[in-house]
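What follows draws every value from the coordinates through simple rules; no lab data is involved. Remember, it's a predicted structure, so these values are computed and weren't measured experimentally. Cβ atoms come from the backbone with ideal geometry, glycine included; neighbour counts cover every protein chain shown.
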Amino acid sequence: MIKTPLEIEGISDSLYAGFWRRLGALLLDFLLILPFTGIIVYVNSLGLHNYSYTVIPSFLFGLWYNIYLVQRYGATPGKLIAGIKIVTTSGEDVNWKHAILRHLVLSLITLFSIYVTLRSIGIGDAGYYDSLSWVQKTQYLAGLSPILFSVYTWSSNIWVYGELIVLLTNKRKRAVHDFMASTVIIKTKYQEPIRNNLVTID
């Protein structure tokens, strides 16, 4: 089995993007999509049933950003700006399969949250919803499906913390979704040295 090297002679720096570099890339992505998110939040705040019109565009935007851009450029815009890139464990560029597997669990969690939200909308009172503040509106929707919302919250937390623990406890700094997709996140400037120093593991 061919894998990316843990280190390369003459390079003292880590070849892989660790927690802080990845967090920085995540924050950059957040800032880049903030205008789109702001529009969606504003439209949703105008009326209870507006969620029904924004949920599909929001989900599709997430797929485009986290799957299409990853398979096309090897990273989200935030990662590219942060100087990191996603490659396979054998040093090759990622394809559709890798990109989809990386985002699969988060997509499923998102779909479940969409179901919970639409269910709450279906049983909610539009007039009462319109009288609430932005924070109260979110709390109101959650309160209409408390068990399902708790399942969503717990599953999200387990996924996020599981990702973090795995990321911090392996030498190539891979998160759970990296293991699922057979990918690593490298510092872009070391891409060629990494490809020239692949190692064979029995």
(message) Helix 134-144 against the longest principal axis of the chain: what's the angle in degrees, Cα atoms only, rounded to the nearest 10?
(response) 80
(request) Express in whole angstrom the spacing between the alpha-carbon centres of segment 146-172 and segment 59-120. (result) 17
(message) Using only the alpha-carbon atoms, how far is helix 96-123 inclined from the longest principal axis of the chain? Give it as 0 to 90 degrees, nearest 10.
(response) 10
(request) In debye, nearest 20, what is the charge dipole magnitude of the chain about its Cα centre with +1 on Lys and Arg Cβ and -1 on Asp and Glu Cβ, if you could check? (result) 220
(message) At a 10 Å Cβ-Cβ cut-off, how would you order Lys85, Lys79, fewest neighbours first?
(response) Lys85, Lys79
(request) With unit charges on the beta carbon (Lys/Arg positive, Asp/Glu negative), name the residue among Ser133, Leu118, Met1 whose Cα is farthest towards the positive pole of the charge dipole of the chain. (result) Met1
(request) With everything on Cα atoms, drop me the angle between helix 19-45 and the longest principal axis of the chain, reported from 0 to 90° to the nearest 10. (result) 20
(message) Skipping prolines and chain starts, which residues have an amide H placed within reach, meaning under 5 Å, of the one on Ile84, given they are 5 or more residues away or on another chain?
(response) Thr188
(message) Positive end of the dipole of the chain, charges at C-beta (+1 Lys, Arg; -1 Asp, Glu), about the Cα centre: which of Leu46, Leu15, Ile185 has its Cα farthest in that direction?
(response) Leu15
(request) State to the nearest 20 debye the size of the charge dipole of segment 123-202 about its Cα centre, where the only charges are +1 on K and R beta carbons and -1 on D and E beta carbons. (result) 520
(message) Which of Thr183, Thr110 has the fewest other C-beta atoms within 10 Å, and how do the rest follow up to the most?
(response) Thr110, Thr183
(request) Normalising by the residue count of the chain, find the relative contact order in percent from Cα pairs under 8 Å and 6+ residues apart. (result) 37
(message) Under 20 °C and 1.002 mPa s, how fast does segment 2-200 diffuse according to Stokes-Einstein, given a Kirkwood radius computed over C-alpha pairs? Answer in µm²/s, whole number.
(response) 115
(message) At a 10 Å Cβ-Cβ cut-off, how would you order Met180, Met1, fewest neighbours first?
(response) Met1, Met180
